[in-house]
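Just so it is clear, none of the values below were taken in a lab; they were calculated from the coordinates. Being a predicted model, the structure only gives us computed values, none of them experimental. Quick reminder, even Gly has a Cβ in these numbers, built from the backbone with ideal geometry, and neighbours come from all protein chains shown.
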Amino acid sequence: MSQPIHLVQPAPFPRNRMRRLRQHGWSRRLVAEHRLDASDLIQPLFVLEGRNQREPVPSMPGVERLSVDLLLPVAERAVELGIPALALFPVTPLECKSEGGEEAWNDDNLMCRAIRAIKRAFPEIGLVGDVALDPYTTHGQDGLVRDGVILNDETIVALVRQATCLAAAGCDVVAPSDMMDGRIGAIRAGLDEAGFENTLICSYAAKYASAFYGPFRDAVGSARNLGKADKKTYQMDPANTAEALREVALDIAEAADMVMIKPGLPYLDVIRRVKDAFQVPTLAYHVSGEYAMIKAAAERGWLDGEAAMQESLIAFKRAGADAILTYAALETAERLRRGD
Ligand code: PBG
């Protein structure tokens, strides 16, 4: 015999309706947990030799390599839009590349000239300079190579020279992207000794050996130098996260002011774990391949490029990033200014 069923309180419909707050634009805006602002963004730029030179990067639609004179109006627009900083990457002429990458610490190299010109015109914008030898080496590796091995400690000596040279040109933030062990401490000591104790260090602390850097290597022209070689003996294995926490801990102990996780979207879990563990300024690099994927799909009409970009960038904020390097910084700041 089955018992009759008594419903104490018939509740055929939900009292908690998550959709109530989603009904209106105003209520969605009101309860948004994260917001993207121009002040979250850093625009990377590729610098060309010469005057009045402009070359589109085919694998990065909307991105151009620009000579220093043409960078100035871009820097000006970034200032107007409230973008705090630019990250510069040189397209080094082949004749300036060498086995040892000595051009990296030539105080009249393209980077130094670009830094001086931008700082002279717009002292209020922050400049981030990459520290790694790959733009300058004939083999395209970030470090010095002997018998096929990337040399750690010898490379550090070169990186200290490069970082000091950038700081002397007026670079506000040196950003070692080379992944040699111990380079942050050595660069800090070198900068301090040279009187640049206020130059910031943003360490590419957890930089993975990623396929998403392809378009960047096209843009700076290091792809043909690197050839089929890879960077797996110094950049991190995409399978690891605990190792990223160790990398970050070491770089903080060596006095990094900010740490960066790179690439971006495939590594949001790493950003979150780093932010939770250390509470230090944590930057995300939305790298060239991630940018290219969105642009390429948008060009084919396969997705709404602007919406996909917006969604990607807010995801970094959600994951805990304090700032984002993205090739879409200027276009995003323009969109935020328009209010759409
Ligand atoms: C070079 C460097 C790379 C990037 C930034 N600095 C490429 C690499 O490590 O091979 C990649 C940036 C991007 O893909 O947008 N040390």
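Yes or no: LEU191 surrounded by 19 or more Cβ atoms within 10 Å (Cβ to Cβ) and within 16 Å of the ligand (Cβ to nearest atom)? Don't jump to the end; show me each part of the working.
Working: surrounded by 19 or more Cβ atoms within 10 Å (Cβ to Cβ): yes; within 16 Å of the ligand (Cβ to nearest atom): no.
So LEU191 fails the test.
Which one of these does ARG183 not meet: (1) charged (D, E, K, R); (2) under 18 Å from PRO281 (Cβ atoms); (3) more than 11 Å from the ligand (Cβ to nearest atom)?
ARG183 satisfies every listed condition except (2).
Does LEU245 qualify as being among the hydrophobic types (A, V, I, L, M, F, W, C), surrounded by 14 or more Cβ atoms within 10 Å (Cβ to Cβ) and more than 12 Å from the ligand (Cβ to nearest atom)?
Numbers: among the hydrophobic types (A, V, I, L, M, F, W, C): yes; surrounded by 14 or more Cβ atoms within 10 Å (Cβ to Cβ): yes; more than 12 Å from the ligand (Cβ to nearest atom): yes.
Spelling it out, LEU245 is indeed among the hydrophobic types (A, V, I, L, M, F, W, C), surrounded by 14 or more Cβ atoms within 10 Å (Cβ to Cβ) and more than 12 Å from the ligand (Cβ to nearest atom).
Scan region 62-87 residue by residue and report those that are in contact with a helix residue (DSSP H, G or I) (Cβ under 8 Å, 6 or more places away or on another chain) and closer than 12 Å to PHE216 by Cα.
Within region 62-87, VAL63, ARG65 meet the criteria.
Can you find a residue in region 299-319 that is surrounded by 16 or more Cβ atoms within 10 Å (Cβ to Cβ), within 16 Å of the ligand (Cβ to nearest atom) and assigned to a loop (DSSP other than H, G, I, E, B)?
No, because not a single residue in region 299-319 is surrounded by 16 or more Cβ atoms within 10 Å (Cβ to Cβ), within 16 Å of the ligand (Cβ to nearest atom) and assigned to a loop (DSSP other than H, G, I, E, B).
Would you check if VAL280 is of a type outside the set (Asp, Glu), touching a Ser or Thr at 6+ places or on another chain (Cβ under 6 Å) and closer than 26 Å to LEU245 by Cα?
Details: of a type outside the set (Asp, Glu): yes; touching a Ser or Thr at 6+ places or on another chain (Cβ under 6 Å): no; closer than 26 Å to LEU245 by Cα: yes.
So VAL280 fails the test.
Restricting to region 207-231, what's the tally of residues that are part of a helix (DSSP H, G or I) and either surrounded by fewer than 20 Cβ atoms within 10 Å (Cβ to Cβ) or within 9 Å of the ligand (Cβ to nearest atom) (or both)?
Just the residues of region 207-231 that are part of a helix (DSSP H, G or I), to begin with: 211-220, 223-226.
Okay, now just the ones that are also either surrounded by fewer than 20 Cβ atoms within 10 Å (Cβ to Cβ) or within 9 Å of the ligand (Cβ to nearest atom) (or both), so 211-220, 223-224, 226.
Looking only at that region, the number is 13.
Suppose we filter ASP153, ASP142 for residues that are within 14 Å of the ligand (Cβ to nearest atom) and of a type outside the set (Lys, Arg); which single one remains?
Numbers: ASP153 fails: within 14 Å of the ligand (Cβ to nearest atom).
After ruling out the rest, the residue left standing is ASP142.
Determine if region 118-130 includes at least one residue that is under 25 Å from ALA229 (Cα atoms) and within 15 Å of the ligand (Cβ to nearest atom).
Residues of region 118-130 under 25 Å from ALA229 (Cα atoms): 129-130.
Right, trim to within 15 Å of the ligand (Cβ to nearest atom) and you get 129-130.
Taking every residue of region 118-130 in turn, at least one turns out to be under 25 Å from ALA229 (Cα atoms) and within 15 Å of the ligand (Cβ to nearest atom).
Let me spell it out: the conditions are (1) under 20 Å from ALA169 (Cβ atoms); (2) more than 16 Å from the ligand (Cβ to nearest atom), and GLY82 meets all of them except one. Which number is the exception?
Just one mismatch for GLY82, condition (1).
Search region 108-119 for residues that are among the aromatic types (Phe, Trp, Tyr) and pair each with any residue that is surrounded by fewer than 22 Cβ atoms within 10 Å (Cβ to Cβ) and assigned to a helix (DSSP H, G or I) when their beta-carbon atoms are under 8 Å apart and the residues are at least 6 apart or on different chains.
none
With ILE184, ILE150 as the choices, which residue is touching a residue at least 60 places away in the same chain (Cβ under 8 Å) and not in a helix (DSSP H, G or I)?
ILE150
Do any strands (runs of 3 or more DSSP E) lying entirely in region 46-98 carry at least 2 residues that are crowded, with 17+ Cβ neighbours inside 10 Å, and which ones are they?
Details: elements: 54-56, 64-67, 85-90.
Once the strands (runs of 3 or more DSSP E) in region 46-98 are filtered for at least 2 residues that are crowded, with 17+ Cβ neighbours inside 10 Å, what remains is 64-67, 85-90.
Run ILE324 past the list (1) outside any helix (DSSP H, G or I); (2) surrounded by fewer than 21 Cβ atoms within 10 Å (Cβ to Cβ); (3) of a type outside the set (S, T, N, Q); (4) within 15 Å of the ligand (Cβ to nearest atom) and report the number of the one that doesn't hold.
Of the numbered conditions (1) outside any helix (DSSP H, G or I); (2) surrounded by fewer than 21 Cβ atoms within 10 Å (Cβ to Cβ); (3) of a type outside the set (S, T, N, Q); (4) within 15 Å of the ligand (Cβ to nearest atom), the odd one out for ILE324 is (2).
Which residues, taken from region 112-147, are basic (Lys, Arg) and either in a helix (DSSP H, G or I) or buried (at least 16 other Cβ atoms within 10 Å of the Cβ) (or both)? Please lay out each step first, then the result.
Of all residues in region 112-147, those basic (Lys, Arg) come to 113, 116, 119-120, 146.
Across region 112-147, the qualifying residues are ARG113, ARG116, LYS119, ARG120.
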